[in-house]
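Below: the structure, in structure tokens.
The values are calculated or read from the model by the stated rules, or taken from the named source; none is laboratory data. Keep in mind the model is a prediction, meaning the values are calculated, not measured. Note that we place each Cβ from the backbone using ideal geometry, even for glycine, and neighbour counts take in every protein chain shown. Heads up: the accessible areas ignore ligands, DNA and RNA and are worked out on the full protein's heavy atoms, side chains in. Shrake-Rupley method; radii C 1.70, N 1.55, O 1.52, S 1.80 Å.
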Amino acid sequence: MKKLLVITLSLAVVFAALSISAFAAFEKTITYEGQFADVSDTAWYAPSVKTCYEIGLINGASATSFNPQGMFTLAEAATIAARMHNIYGGGDGKIPAGEGAWYNGAVNYCIENGIFNKGEFTDFTRYATRAE
């Protein structure tokens, strides 16, 4: 029993350390100063908007709008996935733009890095489902 407890506690410490070091890759690169007029300081999601903006995952719908009530497209999901993967791997989260649509660079990055397969999605302007 004592051995099982020691192993369990050791694994817990290792997993906690891995979690902390993984999160350390996501550092604040910009300051959020209430730029999004449609995100109230008292909104339940305001801290998450601030964090995602400051670590470079989400830029907002425009310079002054976040669109918190809007729908989430596959293009936006691919962009966030590409940025997260890039930052986690030691990058700065900046994904080179591809030719054509604004999201093509992120889509290409996702395919090249095995986040999803080429042809798995055909319309990146459609809304993403929760499962996706």
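General observations
- Fully extended contour minus Cα-Cα distance, from GLU27 to ASN113, at 0.36 nm per residue: 28.8 nm
- Between the C-alpha center of region 29-44 and that of region 85-132 there is a gap of 26 Å.
- Pair ASP41, ASP92: separation of 7 Å Cα→Cβ label points (nm): 3.2
- Accessible area ranking (1.4 Å probe, heavy atoms, ligands and nucleic acids excluded), largest first, for ASP123, ASP92, ASP41: ASP41, ASP92, ASP123.
- Probe 1.4 Å, accessible area per residue of region 17-132, Å²: 66
- Relative contact order computed over region 41-132 (Cα-Cα under 8 Å; 6+ residues apart), in percent: 26
- Taking label positions 7 Å along the Cα-Cβ direction at both THR125 and PHE72, the computed distance is 2.2 nm, reported to one decimal.
- Computed over region 27-132, the Cα gyration tensor eigenvalues convert (square root of 5λ each) into semi-axes of 24, 17, 12 Å, ordered from largest to smallest.
- If you plug the beta carbon distance of LEU57 and GLU99 into 1/(1 + (r/R0)^6) with R0 = 22 Å, you get a FRET efficiency near 0.40.
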